[in-house]
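The values are calculated or read from the model by the stated rules, or taken from the named source; none is laboratory data. All figures in this text were calculated on a predicted structure; none of them were measured in a lab. Every residue, glycine as well, gets a Cβ built from its backbone with ideal geometry; the counts of neighbours run over all protein chains shown. Note: areas computed on protein heavy atoms with side chains; ligands, DNA, RNA excluded. Shrake-Rupley method; radii C 1.70, N 1.55, O 1.52, S 1.80 Å.
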Amino acid sequence: MLFRRREPDGLIERVRTYLWPRRSFSRSVQYFSKRILRLKATPHSVAAGVAAGVFASFFPLGFHFIVAAVLCWIIAGNLVAAALGAVFFGNPLTFPLLWGASWETGKLILHERLPKHGPPEHLGEMMHKLSFAKLWHPVLEPMLIGAVPLGLIFGLLFYAVTRWGMTVFREQRKKRMAERAEKKARQGGREVPAE
């Protein structure tokens, strides 16, 4: 390859870069937004794909791409946009926040309160001591129930923002292309050498 590193990054460096980017988080946001805006699909398809990825990020069991793919198939979303939305919104830095919010929302929906006879057990201790069947009612059921409304709210929000961004980006792009074509036509169709 032309722009390949002399010494490729090791596993630890790749994980560190994934968790904490080399440049900045704003640069990573710009990268993901440019990748999404440049997809060759309809604005609805791209926005629906991003919304599906965001919706799937709230679910706790780790089947985010499967949930996003099924949802994309149902709402005619773009699968690449769903993958980008899931990776951007649901990553190791945001999973504790997303899952904690899902758990608390699910507890509110199920009208469960913390026990009054002492401090609650920590989630890590519960996962260490209990099996899947014993984890279902206190942890997984509230997380799954809470993930649905939060996923819908944030999915619809990201759908609106992505669709608006795609529309504006494409209009500006058409305008630039028309200006270039007009400029080229005024110059008689000949190329002007770069200085």
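Here are a few things to note about the model shown:
For every residue, the table says whether it meets (1) at pLDDT below 90; (2) loosely packed, with under 14 Cβ neighbours inside 10 Å; (3) within 26 Å of ILE75 (Cα to Cα).
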{"position": "PRO96", "(1), (2), (3)": "yes, yes, no"}
{"position": "PRO115", "(1), (2), (3)": "yes, yes, no"}
{"position": "MET126", "(1), (2), (3)": "yes, no, no"}
{"position": "LYS129", "(1), (2), (3)": "yes, yes, no"}
{"position": "LYS134", "(1), (2), (3)": "yes, yes, no"}
{"position": "HIS137", "(1), (2), (3)": "yes, yes, no"}
{"position": "ARG170", "(1), (2), (3)": "yes, yes, yes"}
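- Among the residues making up the stretch 20-62, those that are open to solvent by 30 Å² or more (accessible area, probe 1.4 Å), part of a loop (DSSP other than H, G, I, E, B), more than 18 Å from VAL168 (Cα to Cα) and at pLDDT below 80 are TRP20, ARG22, ARG23, SER24, LEU61, GLY62.
- Candidate set: the stretch 76-92, residues that are closer than 9 Å to GLY49 by Cβ and part of a helix (DSSP H, G or I); chosen: the one most open to solvent (accessible area, probe 1.4 Å): LEU79
- Only listed residue being at pLDDT 85 or above and on the phi > 0 side of the Ramachandran plot, chosen from ALA76, ALA101, ALA68: ALA76
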